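Take a look at the structure set out below.
The values are calculated or read from the model by the stated rules, or taken from the named source; none is laboratory data. From a predicted model like this one, the values you see are computed outputs, not experimental measurements. Counting neighbours? That spans all protein chains shown, and the Cβs are built from the backbone with ideal geometry, glycine included.
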Amino acid sequence: MFLFEPVYRPQPPVLAGDSIYLRPPLLADYRAWSTLREMSRAFLEPWEPLWGDNALSRGSFRGRISRVVREWNGDLGYSFHIFATGRDNLPRDTLLGGVNLNNVRRLSAQSCNLGYWMGEPYAGLGLMRAALELLLPFAFATPDDDRPGLGLHRIDAACIPGNDRSRRLLRRCGFHEIGLAPSYLKINGTWRDHICHQLLAEDFARFGTPENSSVTRWHG
Ligand SMILES: CC(C)(COP(=O)(O)OP(=O)(O)OC[C@H]1O[C@@H](n2cnc3c(N)ncnc32)[C@H](O)[C@@H]1OP(=O)(O)O)[C@@H](O)C(=O)NCCC(=O)NCCS
């Protein structure tokens, strides 16, 4: 049992669409998160950094949440969990996966690295695409009083050449391939080449924000 939920500052948004909504991870997500990650283990492990022995423990989740909150509050990274809205035959508030804007760099870069995972039962349903359609407008929007946004200029994303789903997802969302980076990330214990992609704010502008989406302040 966790006693205290973390405090995200400034207050993060809830990014909501038709089928899914995104909000930052909470300690209370642990049971759903560990159950989904465990049942998706064989599906996720080939594409992720090595899962340690304690990858799914409560302690490691607590450490992860501490890091996520530090990053949010320090403008260093923005993590979200993805949940069902209750339409599309998925019970409301079912945890589906996660999506992260990591390594935010300000000053002359204004960029970050995109990461994502989907629970195996929910993969291939178009839900990560829906998640990116909510996240990208938030990442690129210039913040004002009514609408939160990160004001980023570039989002980098990389995937292993054989990861067809991930490549297709990025292409669908407007990312351009910029080249092969040898031994770019250590994935499942091995340094792997990656295809680097990027999406620039000016290229994204023409996609716009999906209909029926909303951004509200989170009062979690
Ligand atoms: C990659 C991942 C996050 C994509 O999420 P998803 O919810 O499955 O993606 P979507 O359903 O939104 O589909 C994205 C695209 O992949 C396509 N796709 C779905 N299943 C596919 C498959 N088995 N092979 C190739 N393409 C596939 C979809 O058709 C869609 O393309 P389209 O819009 O042109 O039709 C998810 O599959 C996943 O977690 N995979 C394992 C871990 C992983 O690869 N992490 C990312 C490392 S870079």
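Assorted remarks:
- Between LEU76, LEU90, the distinction of being away from the ligand (no atom under 14 Å from the Cβ), assigned to a loop (DSSP other than H, G, I, E, B), at negative phi and aliphatic (A, V, I, L, M) belongs to LEU76 only.
- Within the stretch 185-195, being over 28 Å from GLU133 (Cβ atoms) and touching a residue at least 40 places away in the same chain (Cβ under 8 Å) holds for LYS186, ASN188, GLY189.
- Of all the numbered requirements in (1) more than 15 Å from MET128 (Cα to Cα); (2) within 16 Å of the ligand (Cβ to nearest atom); (3) in contact with a helix residue (DSSP H, G or I) (Cβ under 6 Å, 6 or more places away or on another chain), ALA201 misses one, and that requirement is (2).
- Options LEU180, LEU199: the member that is hydrophobic (A, V, I, L, M, F, W, C), in contact with a Phe, Trp or Tyr (Cβ under 9 Å, 6 or more places away or on another chain) and modelled with pLDDT of 95 or more: LEU199
- Criterion violated by LEU152 - all others in (1) of a type outside the set (S, T, N, Q); (2) within 14 Å of the ligand (Cβ to nearest atom); (3) assigned to a loop (DSSP other than H, G, I, E, B); (4) surrounded by 15 or more Cβ atoms within 10 Å (Cβ to Cβ) satisfied: (2)
- Cβ-Cβ under 9 Å pairs, at least 6 apart or on other chains, the stretch 159-184 side in contact (Cβ under 8 Å) with a residue 12 or more places away in the chain and closer than 11 Å to MET128 by Cα, far side of a type in the set (Phe, Trp, Tyr) and assigned to a loop (DSSP other than H, G, I, E, B): LEU169/PHE175; CYS173/PHE207
- Members of the stretch 8-25 found to be under 25 Å from LEU125 (Cα atoms), surrounded by 16 or more Cβ atoms within 10 Å (Cβ to Cβ) and of a type outside the set (Val, Ile, Thr), listed by number: PRO13, LEU15, ALA16, GLY17, SER19, TYR21, LEU22, ARG23, PRO24, PRO25
- Qualifying residue in the stretch 47-58 (condition: in a helix (DSSP H, G or I), small (Gly, Ala, Ser) and surrounded by fewer than 14 Cβ atoms within 10 Å (Cβ to Cβ)): no
- Residue match in the stretch 96-107 (condition: aliphatic (A, V, I, L, M), crowded, with 16+ Cβ neighbours inside 10 Å and away from the ligand (no atom under 16 Å from the Cβ)): yes
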